[in-house]
Each structure stands twice: as structure tokens, then as C-alpha cells.
Amino acid sequence: MDTQSIREKIQEVKYPGFSRDILSFGLVKEVTFEKNEVFITIELTTGDASIPEKIAHSLKEKVGTLEDVKKVNVTMEVNTPDPASKPPSSDSSSAPQNIETMQQVRYIIAIASGKGGVGKSTVSVNLACALQEVLSNRNKPNKIGIMDCDIYGPSIPLMLGANGQPEIEKNLIIPVKNYDISTISMGLLVDDDTPVVWRGPMIMKTIKQFAENVNWGDLEVLIVDLPPGTGDAQLSLTQTIPLDGAVIVTTPQKAASEVARRGARMFEKVNVPILGVVENMSYLEDASGEKSYLFGEGGGATTADSLESKLLGQIPLDVNIRKGGDLGIPIVINEKEAHASKEFLSIANQLIDKLYNK
Ligand code: ADP
């Protein structure tokens, strides 16, 4: 028997309290099969002793049903959380927490880029508006939220025109809304003069708090705008929030797509599916319709190919995207006929197809 059929069985084992399986959480270290015995090694970080017990029990139960399997041996490598990096009121398991404030959020997608300035926040905001429209056209609930985890340059509130101090109710932060899109961002919680000198553990804490201490309410899709880069912050996020997938934003030049690929590999490591690639600043179109490719061509397609994913769309350079960002009126809302807006709607349609048909 090959280990593939064993892995398929392992996929039926959910992380206790979650609807996601332990394989997709990246907890399965090794699977071997020898003389009718299966050997499975699981590695996880948790302070709750009942979790490894429950996982081992259900592994034995599920994998034991396979023909040819006489015995299932489970080795649990349990790391206890490092108290120095442990945020308050959490059990810091290496898998996403069962977060109460996010229970009514149907889908959570991350928007990521390898480096800053490629238009990740612009894509997050316009995609949120486009998703809202597509869902409403399909007669589905269309409440959207954006969690702005880009704490180095939290630009979502500005781009969404959402301002004001968030209110607190029953110890939970209430997101600020504009265009019926709920958002929470460091930009709403600190004043403009506060220097943001964040280090790894601080980022992790902030992200956890955005997840646990914000009353997200009933949302169809929550967009998580990640900090740029490929380091610990993204990794900690994937371990904190149960992501349904990630969208990678890149620009057309070769260098950008290489960085984006590195970022994307991180999601692969933790088994968060890449839903597709968005190429931003793809071309500039003049009044006659002629396109100039200022930053070169092909970066988005190359990135998508190398991730075995799909290029979801190409957003042109458009001065109205920038202006809309500065004014807090996203182009998708302000200029429906613009090429960029149509492209955002097409991307939103593809994402909704992927999420609902998965
Ligand atoms: P990131 O979140 O990746 O740092 P931003 O979304 O903040 O990037 O974008 C950086 C700047 O570029 C912003 O001023 C934004 O308005 C502008 N911008 C982004 N995409 C486009 C585009 N397609 N056309 C014109 N300006 C854009």
C-alpha cells in the first residue's frame, strides 16, 4: 500500500475544535508503512495535553480502517509554547486557534506580497468592494471585512475612507465601517505620530489581538492584508487565523515576481492554498488605447506558473487608482467602467467560484 492512501485517511482527522484537518495544518511530519504497520509522526505546539491525545486517538481510529493495516503507531512530538512569545489569553498551539470572534466569518483570505509598494493594500480594498458586488449579484450575503495587518504602513483606513476611533463593546473592538466594509487597522488605533517600531513578537501579538479582540460579526469574506515580506509575521498569521487561501500580489518585473514566489512558498509550507496571483501596475494605457509596459511584462504569469497557480488578472496603472486611494473612494466604487474596475470584478468572480466550489 502507498502512503498516499494513508495520507488521505489522515485528512479525515480534524484538529480538535476545528473544521480543518491536521494534514492541512502542516502537523504531519512523517508517514511510513512497513509490514502492515503504519508509523505516523505528528509535531505540534500546544500547552493543552488533551489535544495530542485526541489527535492520536482519531488517527488510530481512521487509519486503522484501511485494509492491510494491522497496527497504527503514532509518535507525538509536542513542543510547549515559548512563554516569552506567548500572547496573553491564548494557548499558542501551532495550529490556528478556534477564535470565537471569527466564528461567523465564512471565508478568510490573505492578500500577500513579497515586498512593499506593489499595491497590496490597493488590491485588498478594491477586491473587497468587488467581492461585495459580485456576491450581491449572485444573491448571496455580501458582508466583507478587511483586517489590516500591515502595521508598518497601515493604509487601509485611508484607502477605504474609514475613519474615527473604533468603539469598544463588552471588551471587544468594533470594526469601523465605510461602504459597508468593516475594517480594523493599526492606523485606527495609534495616532499618526506614534513611531511603529515593531518586532516579530509584537506583530504576532497584534495579529492575534486583531483576531481575538475584534468583534468581526457575521461576514461572508474577511480579507487579511498581510505585512509585506516573507518572514515571521506571515508565518505567525497562518498559525493564528484559519485561512482558506491566499492571493499573491506582484508587479510585472522579474525581481518582484521572484520575491513574491518566496512569499508564496511560505503558504505552501503550512498548506494554505494559493488561490491565484494578481499582477498590479501591469501597463499604462493612453487615450488611443495603446498600452505601454513600463515595468516589463510577464511577472504575474511567471509567478503563477511557478506556483502552479493561476494569474487571476492584470490591473493597469491608472492615476485614478492612486487618487481614489488617497481620497478613500476606491476605483471599483467610483468608476465602474474603468478597465481596472472590470478586472477587479473578474478577479472577485474567480475567487468566489474557487471558494464556493472547493
Ligand atoms: P502596498 O500595500 O503593497 O505597500 P499600496 O497599495 O499602498 O501598496 O500602493 C502604493 C501606492 O501605489 C499607493 O499610492 C497606491 O495608490 C498606488 N497604486 C497602487 N496600485 C496602483 C495602480 N494600479 N495604479 C496607480 N497607482 C497605484
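The values are calculated or read from the model by the stated rules, or taken from the named source; none is laboratory data. Model, not experiment: these values are computed from the prediction. For neighbour counting, all protein chains shown are included, and Cβ atoms are generated from backbone atoms with ideal geometry for every residue, glycine included. These area figures cover heavy atoms from the full protein model, side chains too; ligands, DNA and RNA do not enter into them. Shrake-Rupley method; radii C 1.70, N 1.55, O 1.52, S 1.80 Å.
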One finds, for residue 262 and residue 70 with R0 = 45 angstrom and r their Cβ-Cβ distance, a FRET efficiency to the nearest 0.05 of 0.55
In nm, the gap between the two label points placed 7 Å beyond Cα toward Cβ at residue 297 and residue 78 is 5.8
Expressed in nanometres to one decimal, the distance between label points 7 Å along Cα→Cβ at residue 334 and residue 137 is 2.2
Share of accessible surface on carbon and sulfur in region 3-79, whole %, 1.4 Å probe and ligands ignored, is 44
Note to self, the chain gives a 222 nm [θ] from helices alone (DSSP H runs n ≥ 4, -39500 (n - 2.57) apiece, / all residues, nearest 500) of -10500 deg cm²/dmol
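Given charges of +1 on the Cβ of Lys and Arg and -1 on the Cβ of Asp and Glu, with all other atoms neutral, how large is the dipole of region 216-353 about its Cα centre, in debye to the nearest 20? Working shown, then result.
On the way: 11 positive and 20 negative charges, 71 e Å.
Charge dipole of region 216-353: 340 debye, to the nearest 20.
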Ranked output for segments 247-253, 280-286, 33-39 by mean other Cβ atoms within 10 Å, highest leading, reads 247-253, 280-286, 33-39
Listed by chain and number, the residues whose amide H is under 5 Å from that of residue 297, excluding neighbours fewer than 5 places away on the same chain and using placed H, are none
The answer for the chain, accessible area per residue at 1.4 Å probe in Å², is 46
Residue 269 and residue 353 label points (each 7 Å along its Cα→Cβ direction) are spaced in nm at 3.2
In debye to the nearest 20, the charge dipole size for region 3-79, taken about the Cα centre with +1 at each Lys and Arg Cβ and -1 at each Asp and Glu Cβ, equals 100
Cα-based Rg and Dmax for the chain, in Å, come out at 21.5, 72
Whole-percent carbon and sulfur contribution to the accessible surface of region 100-356 (1.4 Å, no ligands, DNA or RNA) stands at 48
Relative contact order in percent for the chain (Cα pairs under 8 Å, 6+ apart) equals 18
If every Lys and Arg gets +1 and every Asp and Glu gets -1 at its Cβ, then about the Cα centre the chain yields a dipole, in debye to the nearest 20, of 460
Filtered hits (aspartates and glutamates, Cα-Cα < 20 Å from residue 254, offset >= 8 within chain) -> 279, 297, 305, 308
Of 115, 291, 269, the most mobile residue in a GNM of the chain (C-alpha springs, cutoff 10 Å) is 291
Rounded to the angstrom and largest first, Cα extents along the principal axes for region 119-195 equal 43, 34, 17
By the mean-Cβ-within-10 Å protection proxy, highest first, 150-163, 67-80 rank as 150-163, 67-80
